[in-house]
Amino acid sequence: MKEKILLLNSGKCSWGKCLACGWGRLSSPKLGIHELKKAVDETFQEIKNKNISKLKIFASGSFLDDAQFPRAIRKYISKKCADACISLTIESRPEFITQENLGDFRGTKLTVAIGLESGDDEVLEKYNKGFAAEDYARAASLLHENDFKVRTYLMIGLPFGNSLKKSVEFADKYSDEIVLINVFPHSAAPLFKLWVAGKWKPLDKKQFEETVAPFKGNPKIETDFNNFSFLPRFPREKQEMIKGASERELLHPHFVVWQDYICRFYETPQGKKTVLFLPCTFTKPYYNSKLHREIAKIIGKRKDLHLVVLSSPGVIPYEFADRYPFNSYDWPEWEETDEIKKKYIEALEKRIENYLRTHRYENYFCFLKPSETFIALGKACKKLNIPLVNCLKTETWEKIKGGKNPLFLALEDLKEALK
Ligand code: SF4
């Protein structure tokens, strides 16, 4: 069944206080009926052209909330869906699921998705959901009385547990569809702060699959590991210039969260068989630096190479080079003490090891001068029995060391090695 997703951001969730939700905390300009109708008409044009039979509306809150959407647009969409014979899924909190609101959808194949998250009132209270399990049950029963369907979201991996068996059994009584969702907090949500503070982590794929495995036999159940292609996006007001060469910068929580993401959730782009570890540069993003521009010329259009920078934030796949915090730090080498150099090697070795345990390549290259970064990479590779080739030859380094920007003088080595 082909489906179309329509994102309608208008106003703000009336509650906006759930522990893991940032969308509900965001406020969008409230759309007028004409703007909404325009978006809907365009969507229906596409539905007609592409033979789509299912429309899902995501509204960062409750589509049935009058404060977010005028009743007229709900009636308009409902009629269009009924006329086009397509099914419609919307989202709402239970308090807006009233007989009056549901009356507007008579004749439409309607499913209402409710973010129950847990069937346990204690968990709902800790999650700050703002309603109890019985409120959900009332709303779900009303939907069924009106011949509509219920889709229920349950959260996996909350910091205080979620008695999943109890939640699934409870939701099963009231749902036509249940989605088990891995908790990935939006950066504006309080749960994100717990991750940054090192007090909680989202489940990785393996942990998630193990948790949901006992429920997969239930035909109502769908699982959703990473629906929103999650990335730890720090809001602008929380971003900072992470400058210095001390333990504070090396183990900065923003780097730690990103390394956790890169090691446990990030997947390397398809076809990248060879990794080339590169040094960082003062200029950020790295690809704007003279050295990386020269390297890019040598690499040309080779799609098999995966460029990964090693630096004080850890392991940085090139795709993230222009993202915070990797575009907003500086590690002044002249501030380094012997003690911090030791800690740098330890931290980077561990980060590389974690990365290489989950991201394997066919070939491992680097273009690094003999440095703490190179030592850390060498140690991690040795531990994992990975053969590493440094494109910079020892004899070249002996000739050029001590010069200004010596790696510029070794680009021929890189060219030759990559052949
Ligand atoms: S999860 Fe839903 S109810 Fe809770 S704040 Fe977010 S949008 Fe609002």
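The values are calculated or read from the model by the stated rules, or taken from the named source; none is laboratory data. The model shown is predicted, which means the values in this text are computed figures rather than measured ones. Note that we place each Cβ from the backbone using ideal geometry, even for glycine, and neighbour counts take in every protein chain shown. Surface accessibility is based on the protein's heavy atoms, side chains included, excluding ligands, DNA and RNA. Shrake-Rupley method; radii C 1.70, N 1.55, O 1.52, S 1.80 Å.
Test residue 208 against the criterion of being outside the structural domain of residue 344 (by TED's automatic domain parsing) and aromatic (Phe, Trp, Tyr), and give yes or no.
On the way: outside the structural domain of residue 344 (by TED's automatic domain parsing): yes; aromatic (Phe, Trp, Tyr): yes.
Considered against the rule, which asks whether it is outside the structural domain of residue 344 (by TED's automatic domain parsing) and aromatic (Phe, Trp, Tyr), residue 208 comes out as yes.
Among the residues of segment 21-46, the ones that are of a type outside the set (Phe, Trp, Tyr), farther than 14 Å from residue 68 by Cα and away from the ligand (no atom under 16 Å from the Cβ) come to 10 in all. State whether one or more residues within segment 311-320 are touching a His at 6+ places or on another chain (Cβ under 8 Å), closer than 21 Å to residue 253 by Cα and open to solvent by 10 Å² or more (accessible area, probe 1.4 Å). Within segment 311-320, one or more residues are touching a His at 6+ places or on another chain (Cβ under 8 Å), closer than 21 Å to residue 253 by Cα and open to solvent by 10 Å² or more (accessible area, probe 1.4 Å).
How many of the residues in segment 1-20 are in contact with a Gly (Cβ under 8 Å, 6 or more places away or on another chain) and either away from the ligand (no atom under 16 Å from the Cβ) or not hydrophobic (A, V, I, L, M, F, W, C) (or both)? Outline the logic, then answer.
So in segment 1-20, the residues in contact with a Gly (Cβ under 8 Å, 6 or more places away or on another chain) come out as 11-18.
The next check asks that each one be either away from the ligand (no atom under 16 Å from the Cβ) or not hydrophobic (A, V, I, L, M, F, W, C) (or both); those that pass are 11-12, 14, 16-17.
Number of matching residues: 5.
Please enumerate the residues belonging to segment 103-114 that are within 13 Å of residue 89 (Cα to Cα) and either more than 12 Å from the ligand (Cβ to nearest atom) or open to solvent by 10 Å² or more (accessible area, probe 1.4 Å) (or both). Break it down stepwise before answering.
Residues of segment 103-114 that are within 13 Å of residue 89 (Cα to Cα), as a first pass: 105, 108-114.
Residues satisfying the conditions are 105, 108, 109, 110, 111, 112.
Here is the figure for segment 282-322: residues that are touching a residue at least 60 places away in the same chain (Cβ under 8 Å), under 26 Å from residue 246 (Cβ atoms) and not aromatic (Phe, Trp, Tyr) total 5. Before we move on, is residue 164 closer than 30 Å to residue 203 by Cα and within 16 Å of the ligand (Cβ to nearest atom)? No, not satisfied. Reported count of residues in segment 212-248, each being in contact with a Lys or Arg (Cβ under 7 Å, 6 or more places away or on another chain) and either within 18 Å of residue 323 (Cα to Cα) or not charged (D, E, K, R) (or both), is 1. Looking at segment 90-100 only, could you name the residues that are within 16 Å of the ligand (Cβ to nearest atom) and open to solvent by 10 Å² or more (accessible area, probe 1.4 Å)? 91, 93, 95, 96, listed by residue number.
Residue by residue, here is whether (1) among the aliphatic types (A, V, I, L, M); (2) open to solvent by less than 50 Å² (accessible area, probe 1.4 Å) holds:
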residue: 159; (1), (2): no, no
residue: 172; (1), (2): no, no
residue: 180; (1), (2): yes, yes
residue: 183; (1), (2): yes, yes
residue: 192; (1), (2): no, yes
residue: 206; (1), (2): no, no
residue: 235; (1), (2): no, yes
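Residue count for segment 247-267, restricted to those that are open to solvent by less than 50 Å² (accessible area, probe 1.4 Å) and in contact (Cβ under 8 Å) with a residue 40 or more places away in the chain: 13.
For segment 134-154, name all the residues that are within 15 Å of the ligand (Cβ to nearest atom) and either closer than 15 Å to residue 15 by Cα or in contact with a helix residue (DSSP H, G or I) (Cβ under 7 Å, 6 or more places away or on another chain) (or both). Let's see the steps before the verdict.
Of all residues in segment 134-154, those within 15 Å of the ligand (Cβ to nearest atom) come to 135-136, 139, 151-154.
135, 136, 139, 152, 154 - these are the residues of segment 134-154 that are within 15 Å of the ligand (Cβ to nearest atom) and either closer than 15 Å to residue 15 by Cα or in contact with a helix residue (DSSP H, G or I) (Cβ under 7 Å, 6 or more places away or on another chain) (or both).
Among helices (runs of 4 or more DSSP H) entirely within segment 74-183, having at least 2 residues that are under 30 Å from residue 45 (Cα atoms) singles out 99-103. Going through (1) at pLDDT 95 or above; (2) open to solvent by 10 Å² or more (accessible area, probe 1.4 Å); (3) away from the ligand (no atom under 16 Å from the Cβ) one by one, residue 55 falls short only on (2).
Among the candidates 183, 196, the residue that is touching a residue at least 40 places away in the same chain (Cβ under 8 Å) and either in contact with a Gly (Cβ under 7 Å, 6 or more places away or on another chain) or within 14 Å of the ligand (Cβ to nearest atom) (or both) is uniquely 183. With respect to the conditions (1) away from the ligand (no atom under 16 Å from the Cβ); (2) more than 22 Å from the chain's Cα centre (by Cα), residue 130 lacks only one, and its number is (1).
Tell me the residue from 264, 293, 323 that is of a type in the set (Lys, Arg) and touching a Phe, Trp or Tyr at 6+ places or on another chain (Cβ under 8 Å), please. Can you show your working first?
Details: 264 fails: touching a Phe, Trp or Tyr at 6+ places or on another chain (Cβ under 8 Å); 323 fails: touching a Phe, Trp or Tyr at 6+ places or on another chain (Cβ under 8 Å).
Result: 293 is the single residue among 264, 293, 323 that is of a type in the set (Lys, Arg) and touching a Phe, Trp or Tyr at 6+ places or on another chain (Cβ under 8 Å).
Whether any residue in segment 24-43 is farther than 29 Å from residue 127 by Cβ, of a type in the set (S, T, N, Q) and either at pLDDT below 90 or crowded, with 19+ Cβ neighbours inside 10 Å (or both) is what I want to check. Within segment 24-43, one or more residues are farther than 29 Å from residue 127 by Cβ, of a type in the set (S, T, N, Q) and either at pLDDT below 90 or crowded, with 19+ Cβ neighbours inside 10 Å (or both).
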